[in-house]
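Every read-out reported here was derived from the displayed coordinates using simple, explicitly stated rules and does not represent laboratory data. All values derive from a computational prediction rather than experimental measurement. Note: ideal-geometry Cβ built from the backbone for every residue, glycine included; neighbour counts use all protein chains shown.
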Amino acid sequence: MAEVATNGSEVLAAPAAVPAPALFTGLKVQVTVPAGRAEEAVAFYKAAFTAEEVARSTHPKRKGDGEEAALLCAELKVGSATLLVCDQADDDVPAVGKEGGAASGLVLRLVTDDVTAAAAQAAIAGAALQGEITEDCCGLGATLVDPFGVTWVLGSSTSAKKCA
């Protein structure tokens, strides 16, 4: 029988033998936006980062704009990375850009051959450039905050310099 911690969560007993470590095959970053803004976020990421939509799930009983089913989550490809853009269905998963939102301390880094052009494209789509494009030991870099409160760092991939 499991014990119950003082915060109400269940405390599981340690297994008698150490199991083999779990094998992970990938990482998908999920951005949960405030309810009703998932379509807007997908459009932004397509315009700002040339994201390609590869899958989507909708809620047949919730309606979005018009009579279409509301978007629950879209899977986007940004370069070789996967970005899940999801609508906040309830308060179990906090949305970015809200008090206590999930993006606190989270920074997503995109690698590009042309930081200046990528920053301009994102700004045109609605991102806010934070400061100026700078050069450091890793090459050119730009920091942006998207309309949903997510911080993005654009970094160059062609710099001969290496970070220490």
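The figures follow:
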{"quantity": "For the stretch 26-41, 3J(HN,Hα) per residue [Karplus equation, 6.51 cos²θ - 1.76 cosθ + 1.60, θ = phi - 60°, Hz, x = Gly/Pro]", "calculated": "x, 9, 10, 7, 10, 10, 9, 9, x, 3, x, 10, 5, 4, 4, 5"}
{"quantity": "Mean Cβ neighbour count within 10 Å, used as a protection proxy, ranking 136-145, 38-47, 25-34 highest first", "calculated": "38-47, 136-145, 25-34"}
{"quantity": "From phi via Karplus (6.51, -1.76, 1.60), per-residue ³J(HN,Hα) for the stretch 108-114 in Hz, x at Gly/Pro", "calculated": "9, 10, 10, 9, 9, 7, 9"}
{"quantity": "Distant-in-sequence amide H partners of Val29 (H built 1.01 Å from N, under 5 Å)", "calculated": "Thr82, Leu84"}
{"quantity": "5 angstrom amide H check on Arg56, placed H, neighbours 5+ away", "calculated": "Glu75"}
{"quantity": "Long-range HN-HN contacts of Leu110 with modeled amide H, under 5 Å", "calculated": "Val153, Leu154, Gly155"}
